[in-house]
Amino acid sequence: SPTMELFGGSMLRLLRGVLAALLLGAPVLEACTNILVTKGATRHGATLLTYSDDSHHRYGELFFRPRMKHAPGALREVIDWGSGAFRGRIPEPPETYRRVGNLNEFQVAIGETTFGGRPELAGSGMLDYGSLIYIALERAKTAREAIQVITSLVAEYGYGSDGESLSICDPNEAWILEIMGKGKADKGAVWVAVRLPDGTMSAHANQARIRQFPLNDPANALYSPDVIRFAREKGYFKGADKDFSFCQAYAPWTFSALRACEARVWSVFRRAAPSLDLPIDFVKGDPAATPLPVWIKPDRKLEVADLMALMRDHYEGTPFDMTKDVGAGPFALPYRWRPMGFEVDGKRYIHERAISTQQTAWSFVAELRGGLPNDLGGVLWFGMDDTAATVYVPMYAGMLEPPPSWREGQGRWSEFSWDSAFWVFNFVTNYAYGRWSDMSQDIRRTQAELEGRFLADQADVERQALLLHRQDPRSAQAFLTAYSVRCAEETVVRWRKLGEFLVWKYLDGNVRDSQGKVTHRPYPEAWNRRIVQDHGAVVEVPAGAKP
């Protein structure tokens, strides 16, 4: 619809004012990224959704809950996803659905990014965004139904988080729902949900993206009755209803919201549709420049492997490429340690915030397919730690239990454990950061070996599962459980072996060749030149000196 535009989702768990403080270098930025692709834009007709849970204090684990029946009067405790604090209780329905991470047994998948929005509107109700996600997955059979569950619960019990963008998808539809609290005096919320046109894709990354939306088209847009009226009452909007912009009213752009958030959306779009040649001016921080489109049509139909690749983006080949400045060190490290902002001689600077980042706890690519039984049509390709160095392992919607080393409660944030998938992946990645340009090649080879096998085996695995499903659905579930658990546990074993190999290969700054012989690989010439520029007078060998 030409009258509908989205603008950019967001997630700053502890910050309420988006990213303005990032430039001062103080609070820690914790931000996530979602990519949504409708079934008409994918090679095999699947809806695809990605999500990275990016947090410096989040432990990586696969949240699992079986299908359950509940007695009359049963209550569900609401535990804040961020703080772990008890927030209240709500009635359970007679039955709740199985969920494997952020995917349920009916192929509904949900992701999010926090945009913060106006700090005075931070929600004060019972239900935080994390609780809403998992409660909706336990109660909804479609994306539309999930929207209804979330907004109905908020209306009854109140909303208790900052501004959120939620991606809500099923095999047929992909929606973005943006929700904002009303402040301490009112526990309610204002919200808008828009459906992506089939054949398109979108993304959000910690900046609200919904602008104008159709006011009388429930097939494509849903919204709270007071979303415009409340903005008028608060002085956030003046003008005709048709001109109302959710983003501009509740989460106006800032430099940092564009540079650290919308820039990630730009990088997704520039890779998925290079033919659009989208300019960089807007995401460089100029709010007067032409904004990004809400959604685009990719240049070619995408598949799961493409979404995995997009989630590993570091702005390579763009002006934001972090491997090109001195901060990358001699081994082209595309990461910067926090804080993101710093000051030199009274001037403020920032480090880039790419999609792939060191603080990711876990991430996924959800594959949602109609025409197949839900148990095998839905796959959560799930990975621990940094997206660039993870392995996405297939976790089927029909799983009856999670893999042991990936399950919730296996290991903990406060103590390293070889029995935890999260810690094994962090061991490898953190070791590789010290010599990224070399070690990342070893990581990518092993990553491609595992993911390539999982993707290549997928059709055969699903043929077997479908045959079993026709005879006995429970047998198919047991088969898919055994397969997913085996893939996950074999991956952890292989990844630990990779870490041990890296320690051996790069011991003491040496590099062993394919025959195991120690070699001494010199620093890149560009790095040696920087040493000379900075310290040449001290390290220069006098002319005529003997070696």
Quiz prompt | Any pair with Cβ under 7 angstrom, 6 or more apart, that starts in the range 424-437 at a residue that is at negative phi and ends at one that is of a type in the set (F, W, Y) and assigned to a helix (DSSP H, G or I) | solution = V424/W495; F425/W495; V428/W495
Practice problem: Scan the range 69-97 for residues that are closer than 29 Å to Y392 by Cβ and touching a residue at least 60 places away in the same chain (Cβ under 8 Å) and jot them down. | Solution: D80, G82
Self-check item: In the range 271-295, the residues that are more than 17 Å from G317 (Cα to Cα) and open to solvent by less than 60 Å² (accessible area, probe 1.4 Å)
Solution: F282, G285, A289, P291, L292, P293, V294, W295
Quiz prompt | Single match in I280, I296 (criterion: in contact with a strand residue (DSSP E or B) (Cβ under 8 Å, 6 or more places away or on another chain) and modelled with pLDDT of 95 or more) | solution = I296
Practice problem: Restrict the check to the range 522-532 and report whether at least one residue is open to solvent by 40 Å² or more (accessible area, probe 1.4 Å), in a helix (DSSP H, G or I) and in contact (Cβ under 8 Å) with a residue 12 or more places away in the chain. | Solution: yes
Practice problem: From H44, H57, grab the single residue that is within 18 Å of the chain's Cα centre (by Cα), open to solvent by 70 Å² or more (accessible area, probe 1.4 Å) and under 30 Å from A354 (Cα atoms). | Solution: H57
Quiz item: Which one of the conditions (1) assigned to a strand (DSSP E or B); (2) closer than 23 Å to F364 by Cα does M180 fail to meet, given that it meets all the rest?
Solution: (2)
Quiz item: Restricting attention to the range 310-346, which residues are buried (at least 19 other Cβ atoms within 10 Å of the Cβ) and in contact with a strand residue (DSSP E or B) (Cβ under 8 Å, 6 or more places away or on another chain)?
Solution: L310, M311, M340, G341
Quiz item: How about the range 360-398: which of its residues are in contact (Cβ under 8 Å) with a residue 60 or more places away in the chain, assigned to a loop (DSSP other than H, G, I, E, B) and of a type in the set (D, E, K, R)?
Solution: R369, D385
Self-check item: Only one of K238, K242 that is among the charged types (D, E, K, R) and in a loop (DSSP other than H, G, I, E, B)
Solution: K238
Quiz prompt | Failed item, numbered, when R99 is tested on (1) surrounded by 21 or more Cβ atoms within 10 Å (Cβ to Cβ); (2) under 16 Å from S363 (Cβ atoms); (3) in contact with a strand residue (DSSP E or B) (Cβ under 6 Å, 6 or more places away or on another chain) | solution = (2)
Quiz item: Between a first residue in the range 489-501 that is of a type in the set (D, E) and a second residue that is open to solvent by less than 80 Å² (accessible area, probe 1.4 Å), which pairs have beta carbons less than 6 Å apart while being 6 or more apart in sequence or on different chains?
Solution: E489/P403
Practice problem: Only residues that are of a type in the set (V, I, T), closer than 16 Å to R445 by Cβ and surrounded by 16 or more Cβ atoms within 10 Å (Cβ to Cβ): list them for the range 487-516, please. | Solution: T491
Exercise. Could you please tell me which pairs satisfy a Cβ distance under 7 Å, a separation of 6+ or placement on different chains, a first residue in the range 107-128 that is open to solvent by 10 Å² or more (accessible area, probe 1.4 Å), and a second residue that is basic (K, R) and not in a loop (DSSP other than H, G, I, E, B)?
Key: M126/R87
Quiz item: Quick one: in the range 162-183, which of the residues that are under 22 Å from I228 (Cβ atoms) and open to solvent by 10 Å² or more (accessible area, probe 1.4 Å) is farthest from the chain's Cα centre (by Cα)?
Solution: K182
Self-check item: Count of residues meeting criterion [touching a helix residue (DSSP H, G or I) at 6+ places or on another chain (Cβ under 6 Å) and assigned to a loop (DSSP other than H, G, I, E, B)] in the range 183-199
Solution: 3
Practice problem: Take the range 229-270 and flag every residue that is surrounded by 23 or more Cβ atoms within 10 Å (Cβ to Cβ) and of a type in the set (V, I, T). | Solution: V265, V268
Practice problem: Name, by its number, the condition in (1) free of Cβ contacts under 8 Å to residues at least 60 places away in the same chain; (2) part of a helix (DSSP H, G or I) that does not hold for K141. | Solution: (2)
Quiz item: Taking the range 70-117, which residues are within 22 Å of D54 (Cα to Cα) and among the basic types (K, R)?
Solution: R99
Quiz item: In the range 134-161, how many are surrounded by 24 or more Cβ atoms within 10 Å (Cβ to Cβ) and farther than 14 Å from G181 by Cβ?
Solution: 4
Exercise. Inspect the range 371-390 for any residue being modelled with pLDDT of 95 or more, aromatic (F, W, Y) and closer than 27 Å to V511 by Cβ and give the result as yes or no.
Key: no
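The values are calculated or read from the model by the stated rules, or taken from the named source; none is laboratory data. Computed from a prediction, not measured in an experiment: that's the story for all the values here. Cβ coordinates were reconstructed from backbone atoms using ideal geometry, including for glycine residues, and neighbour counts include every protein chain displayed. Please note that ligands, DNA and RNA were not included when accessible areas were found on the heavy atoms of the full protein model with its side chains. Shrake-Rupley method; radii C 1.70, N 1.55, O 1.52, S 1.80 Å.
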